[in-house]
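Here's the structure we're looking at; comments come further down.
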There are 4 protein chains.
Amino acid sequence: MVYPYGENKEALQRRLRRIEGQVRGIQRMVEEDKYCVDILDQISAVRAALDKVGLHLMRDHIKGCVAEAVSTDQHDAKVEELVDVVGKFLKT
Amino acid sequence: MVYPYGENKEALQRRLRRIEGQVRGIQRMVEEDKYCVDILDQISAVRAALDKVGLHLMRDHIKGCVAEAVSTDQHDAKVEELVDVVGKFLKT
Amino acid sequence: MVYPYGENKEALQRRLRRIEGQVRGIQRMVEEDKYCVDILDQISAVRAALDKVGLHLMRDHIKGCVAEAVSTDQHDAKVEELVDVVGKFLKT
Amino acid sequence: MVYPYGENKEALQRRLRRIEGQVRGIQRMVEEDKYCVDILDQISAVRAALDKVGLHLMRDHIKGCVAEAVSTDQHDAKVEELVDVVGKFLKT
């Protein structure tokens, strides 16, 4: 089975590689004893980038998996799963 | 100057390397067409790990830089800077 | 038209009235010069309660409005709208 | 003892009363069966307003209570308390 992020896979991987690079950049800042506030700024930038990736993926997931399940007996389970995942992002 | 995370530098780097590994793990999941909800779970786990690192760093920063500035004319600026950084985490 | 939170309306209103009461409680704490950290704790409690209400409402919305639109030409618009709303909660 | 939000008490109470009014507005929207997405938008607006109030209060708290404690043996405890409160906002 191909998941719905399939067609955006390249864009998704690019974003994730950029985030990986940002995390390595933070390690370098720590290594070079950069000012803590600048490091904290970078950390919140990575967090925001992760939220964006998460939101993209959620959109694909809703359009794909959740929509596909809508007329099946899986629908309620899919909705619960989606709400759970949003809840994890909101740490609720 | 040595910043106050100095003595926790090793622990901080370890956490950051683990986060880097998690981000690479997410890339692998995308590569292998894993289920989107599982990927989203991993993304929110990385986000939570970043918050923890941020909070550690904030503690060191307050104990170090902010406390040191308290009796100087830099204090207000340091407090504003700290509040700004918390605001960025809250995206406020 | 009756929106899908219809059947949970009473529960939803109860939660909202409790939140209103919490906000009034915070005003009282400020009035009585309570300790700022205790007030901040209350504020983050209200925030968490709002997230819970939001998540409940989202579940009803997905099960109702989004699911209903799934086989119509409104579906994409509904999904975008839902993703937007999640994005606002994540402040993304 | 007068807490450091003392001088901003009026502004703080005004903001809290506005938030209380917003929460009542949401109850009215539910009462009148407004569209769930519009209600969700309002909920995230209240959440953002609470974050702003929290940040204001934090600033006063750091300038006041934390700064005052800096040269006392209470300082570490105050810093931990502050970090705890930020952590609650980040739900960390």
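The values are calculated or read from the model by the stated rules, or taken from the named source; none is laboratory data. These numbers come from a predicted model, not from an experiment. Here the Cβ positions follow ideal geometry from the backbone for every residue, glycine too, while neighbour counts run over all protein chains shown. When the accessible area is computed, the model is the full protein with side chains, heavy atoms only, and any ligands, DNA or RNA have been set aside. Shrake-Rupley method; radii C 1.70, N 1.55, O 1.52, S 1.80 Å.
List the residue pairs whose Cβ atoms are under 7 Å apart, where the first residue sits in segment A:15-38 and is within 21 Å of B:L55 (Cβ to Cβ) and among the hydrophobic types (A, V, I, L, M, F, W, C), the second is open to solvent by 90 Å² or more (accessible area, probe 1.4 Å) and in a helix (DSSP H, G or I), and the two are 6 or more positions apart or on different chains.
No pair meets every condition.
Every residue in segment B:47-82 that is surrounded by fewer than 19 Cβ atoms within 10 Å (Cβ to Cβ) and in contact with a Cys (Cβ under 8 Å, 6 or more places away or on another chain), please.
Hit for segment B:47-82 is B:G64, nothing else.
Tell me which residues, restricted to segment A:65-82, are of a type outside the set (A, V, I, L, M) and in a helix (DSSP H, G or I).
A:C65, A:E68, A:S71, A:H75, A:D76, A:K78, A:E80, A:E81
Which residue, of D:V23, D:V46, D:V37, D:V66, is closer than 30 Å to B:D73 by Cα and either touching a strand residue (DSSP E or B) at 6+ places or on another chain (Cβ under 7 Å) or of a type in the set (A, V, I, L, M) (or both)?
Going through D:V23, D:V46, D:V37, D:V66 in turn, just one is closer than 30 Å to B:D73 by Cα and either touching a strand residue (DSSP E or B) at 6+ places or on another chain (Cβ under 7 Å) or of a type in the set (A, V, I, L, M) (or both): D:V66.
Here is a yes/no grid of residues against (1) without any contact (Cβ under 8 Å) to a residue 12 or more places away in the chain; (2) more than 14 Å from chain A (Cβ to nearest Cβ); (3) of a type outside the set (G, A, S):
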residue: D:R47; (1), (2), (3): yes, no, yes
residue: D:D51; (1), (2), (3): no, no, yes
residue: D:G64; (1), (2), (3): no, yes, no
residue: D:T72; (1), (2), (3): yes, yes, yes
residue: D:E80; (1), (2), (3): yes, yes, yes
residue: D:G87; (1), (2), (3): yes, no, no
residue: D:T92; (1), (2), (3): yes, no, yes
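Among the residues of segment C:18-36, which ones are modelled with pLDDT of 95 or more, at the interface with another protein chain (Cβ under 7 Å from one of its Cβ atoms) and surrounded by fewer than 20 Cβ atoms within 10 Å (Cβ to Cβ)?
Scanning segment C:18-36 gives C:E20, C:R24, C:Q27.
Could you check D:L40 against (1) within 14 Å of chain A (Cβ to nearest Cβ); (2) touching an Asp or Glu at 6+ places or on another chain (Cβ under 8 Å); (3) part of a helix (DSSP H, G or I) and say which number it fails?
The number of the failed condition is (2).
Restricted to segment A:83-92, and to residues that are assigned to a loop (DSSP other than H, G, I, E, B) and not basic (K, R), which residue is least open to solvent (accessible area, probe 1.4 Å)?
A:L90
Those residues that are farther than 15 Å from D:R28 by Cα and assigned to a helix (DSSP H, G or I), I need them from segment C:9-32; list them, please.
C:G21, C:Q22, C:V23, C:R24, C:G25, C:I26, C:Q27, C:R28, C:M29, C:V30, C:E31
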